Amino acid sequence: MRGDRLIRVLDALAAQAPAPLPARLCTGASDLLDARGVGLALETGDGELQTVAANGLGERAELLQADLGEGPRYRAYQHGTPVLVADLAGDPTWLAFGPAALASGIAATFAFPLHRGTVRVGALTLYQDRAADLSDEQYADALVIARLALDLFLSLQAGGAEDDLDRLLADQVGDSAEIHQASGMVSVQLGISVQAALAVLRASAYAAGRSLHDVAADVVAHRLRMDGPT
């Protein structure tokens, strides 16, 4: 990591208005990389990813990925390598996320894993409203931002009383608890695993054209059951 590039990244973060660390990482990345949106997602302890900050096009894109269970952030997190899609319209990787993202005005996306060795924390994803590759400078800066984010969150984790990053950042991931609770309730209702129950929730949300968070809220409030009418 070249010192001058790290200094430029730190200067971009320092220039942001006071805000929680995840939000400053996203806005700093947007400014430095000229991105139309950025999303930061962290692993919640059960293999799921939860958005902890997003801006611009990233807000809609991160919701889509959470609802559909697929997209660039998941691929980068799972494989531990950057996912670079300069023209989403010509990429067949995601049958559901691709068309939905295009309909939301997203033309290109670039996801960078927060990953080192066997440690996987999450993913930082950039979104653009036009099809184009990242420049060499943008790509190098994005790698530095992702590495810095990884180091910062691992430092937070090491200094906390709990092992999971979702607990360390509980004020950022309130929606996650409701989704987990709903998954547990559906698991009991249908007699399936919690992971399978989450897939059922996603499918229900997608079929109804609703967000995963809204469907989970209905399950928790006993307005909706997956094994029959309330």
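The values are calculated or read from the model by the stated rules, or taken from the named source; none is laboratory data. Here the structure is a predicted model, which means the values were calculated and not measured. In this analysis, Cβ positions are derived from the backbone assuming ideal geometry, glycine residues included, and neighbour counts consider all displayed protein chains.
The residues on offer are 36, 73, 60, and the sole one that is buried (at least 21 other Cβ atoms within 10 Å of the Cβ) and among the charged types (D, E, K, R) is 73.
Against the list (1) within 18 Å of the chain's Cα centre (by Cα); (2) over 18 Å from residue 140 (Cα atoms), the condition residue 18 fails is (1). Just a yes or no: is a residue in the range 6-29 buried (at least 18 other Cβ atoms within 10 Å of the Cβ), part of a loop (DSSP other than H, G, I, E, B) and touching a Gly at 6+ places or on another chain (Cβ under 6 Å)? No: the range 6-29 contains no residue that is buried (at least 18 other Cβ atoms within 10 Å of the Cβ), part of a loop (DSSP other than H, G, I, E, B) and touching a Gly at 6+ places or on another chain (Cβ under 6 Å). Taking the conditions (1) over 22 Å from residue 210 (Cα atoms); (2) in a helix (DSSP H, G or I) in turn, residue 73 satisfies each one other than (1). Against the test of being within 18 Å of the chain's Cα centre (by Cα) and either at pLDDT below 95 or among the hydroxyl-bearing types (Ser, Thr, Tyr) (or both), the options 156, 148, 124 yield a single qualifying residue, 148. Within the range 49-70, residues that are touching a residue at least 12 places away in the same chain (Cβ under 8 Å) reach partners that are of a type in the set (S, T, N, Q) and surrounded by 24 or more Cβ atoms within 10 Å (Cβ to Cβ) with beta carbons closer than 6 Å, at six or more positions or on different chains, in the pairs 50/176; 62/51. Residues in the range 206-228 that are of a type in the set (Gly, Ala, Ser) and either modelled with pLDDT under 80 or part of a loop (DSSP other than H, G, I, E, B) (or both) were compared, and the one that is nearest to residue 62 (Cα to Cα) is 211. Pairs meeting the criteria (first residue in the range 100-117 and among the polar types (S, T, N, Q), second residue not in a strand (DSSP E or B), beta carbons under 6 Å, at least 6 apart or on different chains) are 104/60; 109/72.
Selection over the range 56-70 of residues that are closer than 17 Å to residue 36 by Cβ and outside any strand (DSSP E or B) gives a count of 9.
Are any of the residues in the range 15-33 under 24 Å from residue 92 (Cα atoms) and of a type outside the set (A, V, I, L, M, F, W, C)? No, there is no match, as no residue in the range 15-33 is under 24 Å from residue 92 (Cα atoms) and of a type outside the set (A, V, I, L, M, F, W, C).
Cβ-Cβ contacts under 7 Å between residues 6 or more apart (or on different chains), taken from a first residue in the range 73-86 that is over 17 Å from residue 128 (Cβ atoms) to a second residue that is among the polar types (S, T, N, Q) and in a helix (DSSP H, G or I), are listed as 74/65. Taking the numbered list (1) among the aliphatic types (A, V, I, L, M); (2) under 24 Å from residue 48 (Cα atoms); (3) touching a strand residue (DSSP E or B) at 6+ places or on another chain (Cβ under 8 Å) in turn, residue 86 passes all entries but (2). When the range 59-84 is filtered for residues that are closer than 20 Å to residue 139 by Cβ and in contact with a helix residue (DSSP H, G or I) (Cβ under 7 Å, 6 or more places away or on another chain), the ones remaining, listed by number, are 61, 71, 73, 82, 83. Checking the stated criteria, residue 53 turns out to be more than 18 Å from residue 135 (Cα to Cα), touching a Leu at 6+ places or on another chain (Cβ under 8 Å), among the aliphatic types (A, V, I, L, M) and in a strand (DSSP E or B). Scan the range 30-50 residue by residue and report those that are out of contact with any helix residue (DSSP H, G or I) (no Cβ under 6 Å at 6 or more places or on another chain) and either of a type in the set (S, T, N, Q) or part of a loop (DSSP other than H, G, I, E, B) (or both). Selection gives 30, 34, 35, 46, 47, 48.
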